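The values are calculated or read from the model by the stated rules, or taken from the named source; none is laboratory data. Because the structure is a prediction, the values reported are computed rather than measured. Here the Cβ is made from the backbone with ideal geometry for all residues, glycine too, and neighbour counts use every protein chain on show.
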Amino acid sequence: MKPGETDTLPSEFPAFKIPISDLQLPNSSAEVNYSTYKRVAQRLTSRQLYPDSPAQHEFTSVVVFPIARYSKGVLTVEVNKHLVPYMIDLSKGYTTGGFVPQQSICSAALHPAL
């Protein structure tokens with residue numbers, strides 16, 4: 001984070017809600033239950049980015065999803081507000097209808113929300 005970038009940050013962590021029924025992959029016989037939701041939440045909150053600049057002797061370690069909360073059939077995931085400007089910048093020139101590899105139980109549900 002550089003000085004002056006705080007002006008573009010949202011005041012709170014943006015959050016989106018994923019109905020648990022959306023985590024069931026089509027044509028999958030795998031049972032989705034409380035343990036599955038817990039594993040998804042733990043995997044999401046362990047994702048980190050490590051932007052670095054060795055020439056400048058600088059690096060940053062950032063958790064992408066600092067909070068994942070499950071309650072009454074809905075998984076609420078908060079995105080680190082410090083990454084929002086980078087996500088917006090990265091999304092320029094891309095469409096939302098592109099190919100999404102469904103390698104994990106949550107990729108199909110998360111992609112449209114991001």
Within region 27-45, of all residues that are loosely packed, with under 11 Cβ neighbours inside 10 Å and modelled with pLDDT of 70 or more, the one nearest to Lys81 (Cα to Cα) is Gln42
Considering residues that are part of a strand (DSSP E or B) and touching a residue at least 12 places away in the same chain (Cβ under 8 Å), the number found within region 39-64 is 4
For region 65-78, pairs from a residue that is closer than 23 Å to Gln48 by Cα and touching a residue at least 40 places away in the same chain (Cβ under 8 Å) to a residue that is in a strand (DSSP E or B) and of a type in the set (A, V, I, L, M), with Cβ under 6 Å and 6 or more apart or across chains, are Leu75/Ile18; Thr76/Ala15; Val77/Ala68; Glu78/Ala15; Glu78/Ile67
